[in-house]
Structure formats: structure tokens, C-alpha cells
Amino acid sequence: MTATQETNDLGSRRPAQDETSARTQPSVVRPGFRTAAVHAGQEPDPLTGAVIPPIYQTSTFTQDGVETLKSGYEYSRGGNPTRTALETQLAQVENGSHAFAFASGIAAEDALLRSVLRPGNTVVAAAETYGGTHRLLSQLYSRWGVETAFVPPTRTDERDRLLADPSTTVLWVETPTNPLLSIVDLREWAEAAHAAGALLVVDNTFASPALQNPLTWGADVVVHSTTKYIGGHSDVLGGALVVGDAVWEDQPLAEMLQFQQFAGGAVAGPQDAFLTSRGLKTLGVRIRQHCENAQTIAEWLADRNDVERVWYPGLPEHPGHDVAARQMSGFGGVVSLRVRGGEAAARAFAESTEVFGLSVSLGGVESLISHPATMTHGSTKGTPEAPPSDVVRLSVGIEDVEDLQADLDRALAGVL
Ligand SMILES: *Cc1c(COP(=O)(O)O)cnc(C)c1O
């Protein structure tokens, strides 16, 4: 038996068969998102009855014999019960069958890419990817013989031309995108990828599993930076990969990723897994407030003379509004805007709010403001993928919306 088989028996972590097949016959067996977020993988401790599964702060596990494990765990890189609790929760809320938790979103992306790519392969990525994903692909993978072609999300003709090349094996997309909140039709992207024999990977960080489940629309792999909405409190880094039954190179993708997680080692530690699990339980109620506040702010900004343009999928004039309304159950908490006055005004505005903290990252309960061109997307500077330098991004938190409006009002009045 190999170490991965010993430490991570896939069978024991897979939801029961009837639960998996319930995906295709919804409603009766499968719990709703908020129920799954609170309960999946969170059974009380059998020893003490503790309602919350303990944090197993241990590197290793004693065994009953040289080849006999007590309960399937051997060494925490291969598996740890606190991580299993989070992974079970993540798999259920994303309508997947397996999830793998990593030390960060980028670590999850790296594990996935190293698992499925070979030198000579090409990745086709929708151009508005997270800055760190752009850096990973264009500056790191390029050194290992993997090319990445970035295509604007609207240029499906160009995407299909690149997919037709047999070296293209992975199609990568985010929806909504960062920072311009473009929306792609996930079902159509899945069909295009599969027609070309490529994997569709969807970074679902911005929508979160509370608003969108890409596997349901045909994606093969969902990527999360759990640092954002899932953790939700800006107090922990983490990443996740979630898959269903996809097969790649004649192997279940879940097995390939599990091996990669164990062999590559960028796992989520027990404390981080616990905090992420705790955050996920309240995502359902937090996201409602994020969406409500963001909608109010987007509509209010769109009416102002000192604001030139607002990007938010919940606005009817947003080009992706109809697709978003179909594949998402809410429009999310991120709003981007262009103020009058160009880059200088955008930077001054971002530096003058008080309730909105000037910071990269998003998805926490507190509102944040950023200037993507110099902050989150600094690594795309000088490339065609660089975001416009006069755009400001808001991660709208769950505070009282009147206080957020007053803060933005004061900051806009000060710079213009
Ligand atoms: C933050 C982020 C990542 C990277 O995640 P880390 O946890 O920071 O490593 C990837 N994708 C998106 C969309 C993100 O916002």
C-alpha cells in the first residue's frame, strides 16, 4: 500500500452514494446550502459530545500496528481530522464529492496545475484573472514549459481557436472577474472546454459557494481562495480545490489531487482549517448582507455625477446581468468604479476613506477599498491584462450601509 492509500482512504471521505446521486435528483436528500455549511463534516466529538469537532493540533498519530492505523490517520500532511471536517464541508457546499484544503488559494492553484499539466501544455485563461494567478502562470509556469494564453472573457472565438490546438489542456476562468466583474456563461464555457477535451477550472472565490456552484454548470474543478468570503473575517489564509467525478488521463481527478496534496505538501494546518470551517458556517447569512449593501451602494454610486462608471452585476445595465441572474443566486459584494479625474483622483479617493480600509483582499465582514492597478494587479503592469489605472475596487462589508455611503461621500467630496 502506498502512503496516500494508507493515510487518505478516499472511500471513507466520500459522501454516501445516495448523497452523491442526489445531485442529479435534487431536493429530497441533499440539504440546502446553509444547512450543509453548518453541519457537513461537523459531527459532535464521539468521545466527549463536544458540539464542535476538536482542533487536532498534532503532526502524527500513533498506530495499533506497523500496518494498522487507528482511524485512517497516519501523519497530518496526508490527513488530519480537522482538515477532513473542513474538506467534507467544502465538498458539500460546492455540490462536489471531494475537496482538498490548502495553505492558501495560490497553493491550491499550484497543486492543481502541477497535477494536471505537463511541459508543452498550454493554459487558456480568461484575461481578467486574479493578479496572483496571472503571476503564477506567466512568471512561474512559463519556466517549466507551460504557456498561458490570456483571452478577454468576451472573445469566445479566440478562446475556441486556442482550444482547438491539441496542446491546450486547461481552460481557466473566473466569474465574476476581478476587478471588472465580467460574467461568463459557465455552461457554455464547460461545453467549449469539453468539446476540445480540456478541463474547465473555475475560480469561484468572488461568487462563493453561497451564490454559485460551477460544478453544477459543468465545470471540472472549482478553486477557492477561502481567505476571502468562506473564511470571511480576514483572519486566516486558505485555499481549496473541489471536484466531482471528473476523470483526467484515465484517473479520477480526485485521486490525482489527493496524491498531489500529500506529495506537494502545501496543506491547511489544523488551526487554519478550524477557522475556515467556522467562517463557512455563517457564510449564508453574511453573503445576504454583502449583496444587499453592495446593491445599494452600486445603485447610489451610479446616480452620482462625480462617478463616471460603476461595475456591478446586479445593475440591469451591466452586460453580464442576465447570465449572472441565471447562474448565481445573488450578485456578490464587490463593486468597482471609475471616478471623474483619472488615475490621480482614483488613488486619492482610495487613500481617503475611513470606514473602508485601504487594503488588498476582499470578502471579509469589514469594507475594504483598493486601487487594483497598483495593488492586487501590480504584477500585470505593462501587460494587456493590466486593469485600467483609474478604477477603484470596493469590497463591501456587512456594516450599516448608511455609514458606508457617508464614508464614500466624504472621500469623493474631498478629491473632486
Ligand atoms: C485572493 C485570491 C486568490 C489567491 O488566494 P490566496 O489565498 O491569497 O493565496 C485567488 N483567486 C482569487 C479570485 C482571489 O481573490
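Relative to the longest principal axis of the Cα atoms of the chain, helix 81-93 runs at roughly 60 degrees.
Find the eigenvalues of the gyration tensor of the Cα atoms of the chain, then list the square roots of 5 times those eigenvalues as equivalent ellipsoid semi-axes, largest first, in whole angstrom. Each step should come with its number before you reach the end.
On the way: eigenvalues 256, 128, 74 Å².
For the chain, the semi-axes come out at 36, 25, 19 Å.
Peptides 323-332, 338-347, 121-130 ranked from most to least packed by the mean count of surrounding Cβ atoms within 10 Å: 121-130, 323-332, 338-347.
Rounded, prolate or oblate, given the Cα gyration tensor of region 340-416, with a/c below 1.5 counting as rounded? Because a/c hits 1.5 or more and a/b fails to exceed b/c, region 340-416 counts as oblate.
Whole-Hz Karplus values for region 163-175 come out as 5, 5, 6, x, 6, 7, 10, 10, 10, 10, 8, 10, 7 Hz, taken residue by residue from phi with 6.51 cos²θ - 1.76 cosθ + 1.60 and θ = phi - 60°; glycine and proline positions read x. Per-residue ellipticity at 222 nm computed for the chain from its helices equals -10000 deg cm²/dmol, with DSSP H segments shorter than 4 residues left out and the rest contributing -39,500 (n - 2.57). Relative to the longest principal axis of the Cα atoms of the chain, the long axis of helix 283-302 lies at roughly 20 degrees.
Residue by residue, region 239-248 carries 3J(HN,Hα) couplings of x, 8, 10, 10, 9, x, 9, 4, 10, 9 Hz when phi is fed to the Karplus relation 6.51 cos²θ - 1.76 cosθ + 1.60 (θ = phi - 60°); x denotes Gly or Pro.
Rounded to whole Å, the principal axis extents of the Cα atoms in region 137-190 read 31, 26, 15, largest first. Going by alpha carbons, how many degrees (0 to 90, nearest 10) lie between the helix axis of 401-415 and the longest principal axis of the chain? Here the helix axis deviates by roughly 50 degrees.
Protection proxy ranking, highest mean first, for peptides 310-316, 384-390, 362-368: 362-368, 310-316, 384-390, where packing is the per-residue count of other beta-carbon atoms within 10 Å, averaged. Per residue, the Cα convex hull of region 34-191 amounts to 167 Å³.
Taking the Cα centroid of region 160-190 and of region 307-337, what is the distance between the two, rounded to the nearest whole Å? Between the Cα centres of region 160-190 and region 307-337 lies a distance of 19 Å. Largest first and in whole Å, the equivalent-ellipsoid semi-axes of region 286-415 read 21, 18, 15, each the square root of five times a Cα gyration tensor eigenvalue.
Relative to one another, the C-alpha centroids of region 217-282 and region 46-96 are positioned 15 Å apart. Derived from the Cα gyration tensor, the three semi-axes of the equivalent ellipsoid of region 233-342 are 37, 19, 14 Å, largest first.
Quick note: the coordinates plus some simple rules give every number you see, no bench work behind them. Fair warning: this is a prediction, and the values are worked out from it, not measured in the lab. Don't worry about glycine lacking a Cβ; one is built from the backbone with ideal geometry, like all the others, and counts go over all protein chains shown.
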